Amino acid sequence: MIYWVHIARSNDRATLHRDRCSEVPSTHVYKDFWEGGWFDYPDKERALAAMEQSGTTYQKNCPVCKP
Ligand SMILES: [Zn+2]
C-alpha cells in the first residue's frame, strides 16, 4: 500500500496519509523535499522514516484516513 507524507514547511508539520485519503490531492504537485509538498512511499516504514528526516516539529497521522 502507498503512503503519502504531506510536508508543510510553513507550519513546521508533517502528516502521514494512506493512499486514496480524501485529503490527498488528485493532482500531485511534487516539490522539493526541503520546501515541502506531497511525497509517496511504497510502505509505511519508509514514510515514517521520511517524516523523521523532514525535521518538522509536528508529526502526526491524518485523523481522516487513520494510517
Ligand atoms: Zn489522510
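The values are calculated or read from the model by the stated rules, or taken from the named source; none is laboratory data. Here the structure is a predicted model, which is why all the values come from computation and not from measurement. Cβ: placed from backbone, ideal geometry, glycine included. Neighbour counts: every protein chain shown.
Consider region 1-32 and keep the residues that are loosely packed, with under 14 Cβ neighbours inside 10 Å and among the hydrophobic types (A, V, I, L, M, F, W, C). The one that is nearest to the ligand (Cβ to nearest atom) is M1. Can you pull out every residue in region 33-67 that is modelled with pLDDT under 90, at negative phi and surrounded by 12 or more Cβ atoms within 10 Å (Cβ to Cβ)? Answer for region 33-67, where residues must be modelled with pLDDT under 90, at negative phi and surrounded by 12 or more Cβ atoms within 10 Å (Cβ to Cβ): just F33. Filtered by the rule that a residue be at pLDDT below 85 and either hydrophobic (A, V, I, L, M, F, W, C) or touching a Pro at 6+ places or on another chain (Cβ under 6 Å) (or both), region 10-32 gives a lone residue, V29.
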